[in-house]
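First comes the structure, then the notes that go with it.
The values are calculated or read from the model by the stated rules, or taken from the named source; none is laboratory data. Remember, it's a predicted structure, so these values are computed and weren't measured experimentally. Please note: Cβ atoms are built from the backbone with ideal geometry, for glycine as well, and neighbour counts cover all protein chains shown. We work out accessible area using only protein heavy atoms, side chains counted, and drop any ligands, DNA or RNA first. Shrake-Rupley method; radii C 1.70, N 1.55, O 1.52, S 1.80 Å.
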Amino acid sequence: MRRAIRSLRACAPAAILCAATACGSSRGGGDDDGVGDGGVFAPDAAIEACAPASAGAFAFAEIATWRDGATAAYSMFHDDMCGPAVYGIQDVAVPLLAQHGIVAGLAPIVEQCELNGLWDVVAAAEAAGHEIVSHSYSHPEISTANAAHEVAEAKAVFDQHVVNPITFFVFPYDYFTPETIAAVSAAGHLGARAGNRDDNDGFEQPPINPATPTNDLALEFDVWPRSYSKYALFFPADMLAVHVHNAIERGGWALREFHSVIADGSDAATQGFGPITASEYDAHLAFLAAAWKKGVLWTGTPSTVLRYRHARTACGASVAGETITFDTSNPDCVKYATPITVVVTTQEDLPRVDATQGGEPVWTRKLGPNRFGVTADPTRGDVALTGCSNPGYEVDPSVALPPKPAPAASVCLIESVAGQGGAGRMDDLERDPAMLQVLPNPSQQDGRTGSWSWYPQAAEVDITPEGDGRVLRYRGTALAAWSGVTLAFLGGNGAGTCYDAGAYTGIRFRIKGSVSSSDTLNGKMVVSVVTAKTQSRLYGGDLMGEGGHFHKVIDVTPGWTTVSIPFAELTRPSWGATTGLSAVAKDALQAIDWGVSNMATSFDVSIDDIELY
Ligand SMILES: [Zn+2]
């Protein structure tokens, strides 16, 4: 009965409630310092005009792996822009980004921008140097049936409102399939945030993309907040830096998903999915700015970094005399045209080298002794180099970057709630079906907030009328995979959290239905109690490796039965790294999972009145 319980989905539906109001926004501008072409930080201070000096001789060293010779690249996203719950994107995030001279990918929803009259806000954010990426027309789960409208038509509408045609797509709920990724490509997008998350953790297999352009439409990423992150074993203040350190260690590209940024002390529950506070965000931007100053990180917009991966490998460059000449004969060099950093060395160790292309200055930076980065678009022609005796922009290796944070010994040290007892209701499902996954779950008691999730995504789960009440209905046909519906104790899926149910004896629920399966689990379900001790680090637990959970195999009958399972009567894990555990960790509960065999041909089960007793 080997199966892993997993379901990390972002963008819970509570984020999308329309209100027709237009709002103020910050306006940025200018790109002679590189900001605006999606890439380089705004320098602290303007510099004097060049005092020409002889460099002796210039020589070509390399085309830098990442812009400015940085060790790694990083891109941030703010999803659901224009939704009225996330005005913090334009009102808080964009001003903070401007303060640090940093750019990001902003992912609006067409319908929300239309309804709330926010196209000018989107245009202003683009003018400030940010990239507008598509987050679909109306934010449903993307399917082959709705892709024409939600993907292609959305791009067409966006392109009427922005200067740079849309080239990047962000899937609502981070839900995608090979077919819908193909639809995104067919609609003219170069990239998509659609990497498989199930094979990543926060340690040996972090979600970091390579420097080579191998996965433009399936880019790996990590999600804020912590309980949806692969770094659930790190404190919130650390998990953002860990992702960046992992990119630096691998010379790769890290993508970070955010939604809104909210004022400190304001109500997070009403401001979209998993907002980050202004002070947490500001601290992160300061870290990124320091990493840039130190020359180890380039924070750029998603399409600019994507293009850079291609242009770096497709374009050529050489130096003769005081001229950089580009080889743009490879069609990809033109298709993915973007400024790339050519590293040149000088005979004289001058403080600065300036450069112009077509008479216009291009960005240069001293990377080290006798070593300079010259950043220019290969398709715009030769670059003329000039040595200067006065200082310019340079990498400062002495900048202190906080070391890579260490994980907590257990997620329980990061987020833990102890039940007082006497209030065991977890869910009676007596609410609007659209509020199935709402957070916090209004039915929970005694400090619990947990909501529902399921896997695989093709399983159908909803609240359905039954008699004069409502129940949860869970069904699937020919899923050919282990399937499960999961009720968390805390958060969207219990990842990264611990609930102490020491005051309770066991779990109880009502169930009915049918399960057709060709194995011994025909007519049966596996009820698992997921704890931080049995859940893998891959999915927000403490466990190194993977293993089974404490569980009970139950019969599912056409008529309603009430099932009571004392914690003490749970069956020990039967596979993997957890077979040595003797008792369920009642103080580290994460979720209850109702699982169906991967050999099942069909199942249709109703569950109700889940409680601790
Ligand atoms: Zn979204």
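Heavy atoms of the protein chains alone define the surface here; on that basis the stretch 328-475 has 44 Å² accessible area per residue at 1.4 Å probe size. Work through the residues other than residue 586 whose Cβ is under 11 Å from its Cβ and net out their charges, Lys, Arg +1 and Asp, Glu -1. Spelling it out: positives minus negatives among the neighbours equals -1.
The distance between label points at residue 356 and residue 149 comes to 5.5 nm (points 7 Å beyond Cα on the Cα→Cβ vector). Considering only beta bridges that DSSP places wholly inside the chain, some 75 percent are antiparallel. One Cα centroid belongs to the stretch 102-157, the other to the stretch 360-396; the line between them spans 36 Å.
At a probe radius of 1.4 angstrom, the accessible area of the stretch 71-294 per residue rounds to 29 square angstrom. Rounded if a/c is under 1.5, else prolate if a/b beats b/c, else oblate: with a ≥ b ≥ c from the C-alpha gyration tensor eigenvalues square-rooted, which is the stretch 437-504? Note, shape of the stretch 437-504 comes out oblate.
Using the per-residue mean of other Cβ atoms lying within 10 Å as a proxy for protection, in what order, highest first, do the peptides 553-564, 527-538 fall? Before the final figure, lay out each step's value.
Values: 553-564: 13.1, 527-538: 25.3.
The peptides rank, most packed first, as 527-538, 553-564.
For the chain, which whole percent of the accessible surface, found with a 1.4 angstrom probe, sits on carbon and sulfur atoms? About 53 percent, which is the carbon plus sulfur part of the accessible surface.
Using the alpha carbons of the stretch 71-294, what is the convex hull volume per residue in cubic angstrom, as a whole number?
116 Å³
Derived scalar couplings between HN and Hα for the stretch 188-197 equal x, 7, 8, x, 8, 8, 8, x, 5, 8 Hz in order, rounded to whole Hz, by the Karplus curve 6.51 cos²θ - 1.76 cosθ + 1.60 (θ = phi - 60°), x for Gly and Pro. Need one word for the chain: rounded, prolate or oblate. Basis is the Cα gyration tensor (sqrt eigenvalues a ≥ b ≥ c); a/c below 1.5 gives rounded, then a/b vs b/c decides. Judged from the Cα gyration tensor, the chain comes out prolate (a/c at least 1.5, a/b above b/c).
Between the stretch 574-604 and the stretch 209-229, how many Å separate their Cα centres? One Cα centre to the other: 28 Å.
In sequence order, the stretch 54-66 has phi-based couplings of 6, 8, x, 9, 9, 9, 6, 9, 5, 8, 5, 4, 10 Hz under the Karplus curve 6.51 cos²θ - 1.76 cosθ + 1.60, θ = phi - 60°, and Gly or Pro positions carry x. Normalised by the number of residues in the chain, the average gap of Cα pairs under 8 Å and 6 or more apart makes the relative contact order 16 percent.
Going down the list 404/533; 230/404; 294/366; 293/335, which pairs span over 23 Å between their C-alpha atoms? Intermediate results must be reported in sequence, preceding the final value.
Values: 404/533 25 Å; 230/404 16 Å; 294/366 12 Å; 293/335 30 Å.
Pairs exceeding the cut-off: 404/533; 293/335.
The average projected area of the stretch 338-479, computed from the convex hull of its Cα atoms over all directions, is 18.9 nm². Proximity of backbone amide H atoms, modeled 1.01 Å from N, is registered between residue 192 and 169, 217, 218, 219 at under 5 Å, excluding neighbours fewer than 5 places apart on the same chain.
Peptides 266-276, 369-379 ranked from most to least packed, by the mean per-residue count of other Cβ atoms within 10 Å: 369-379, 266-276.
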